[in-house]
Amino acid sequence: MAAEGVARAFGRGAKNADGPKAYISGGVDPRWQRRGVGSAVLRWQQAQTRRRFAQDGMAPVLLRAFSEESNAAERALLSRSGFRLVRY
């Protein structure tokens, strides 16, 4: 949250109740990109997802993210963070 009370980034994770799979999504205000905000949100999402599955005795976790082909910044972040393209 920026000093003026405006959200500049968000992250969400949804745990699949039927198995060790989760879906994450998020975003960063384009004016705040390339400052490490998205990387920090993604690391937090990964840690929270692992923690939630560990509490349920499930591991390893398969983390999935959806990204629009036109969203180069998000695709680059996911690629740098070890995600790989599965399909469009």
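Annotation note: trypsin sites (Lys or Arg not before Pro) in the stretch 17-88 located in DSSP loop regions with a Cβ neighbour count of at most 14 within 10 Å are R34, R35, R84, R87.
Seen from every direction in turn and averaged, the convex hull around the alpha carbons of the stretch 1-48 projects onto 3.8 nm².
Only helices enter the 222 nm calculation for the chain: every DSSP H run of n ≥ 4 contributes -39,500 (n - 2.57), and dividing by all residues gives -10500 deg cm²/dmol, rounded to 500. The computed Kirkwood radius over Cα pairs in Å for the structure shown corresponds, within (i) 13.6; (ii) 15.2; (iii) 13.9, to (iii). Principal-axis analysis of the Cα atoms of the chain puts helix 37-55 at an angle of about 20° to the longest axis. Mean sequence separation of contacting Cα pairs (under 8 Å, at least six apart), scaled by the length of the chain, corresponds to a relative contact order of 26 percent.
Comparing Q46, Q55, Q33 in a Gaussian network model of the chain, where Cα atoms under 10 Å apart are tied by springs, the biggest mean-square fluctuation is seen for Q55.
Here the chain is assigned +1 on the Cβ of each Lys and Arg and -1 on the Cβ of each Asp and Glu. Its dipole about the Cα centre then comes out at about 260 debye.
In this simple spin-label approximation, F10 and L62 carry label points 7 Å from Cα along the Cα→Cβ vector, and these lie 2.7 nm apart. Restriction of the GluC sites (Glu not before Pro) in the chain to DSSP coil positions whose beta-carbon has at most 14 other beta-carbons within 10 angstrom yields E4, E68, E69.
A short reminder: the numbers here are calculations on the coordinates, not readings from a lab. These numbers come from a predicted model, not from an experiment. Cβ: placed from backbone, ideal geometry, glycine included. Neighbour counts: every protein chain shown.
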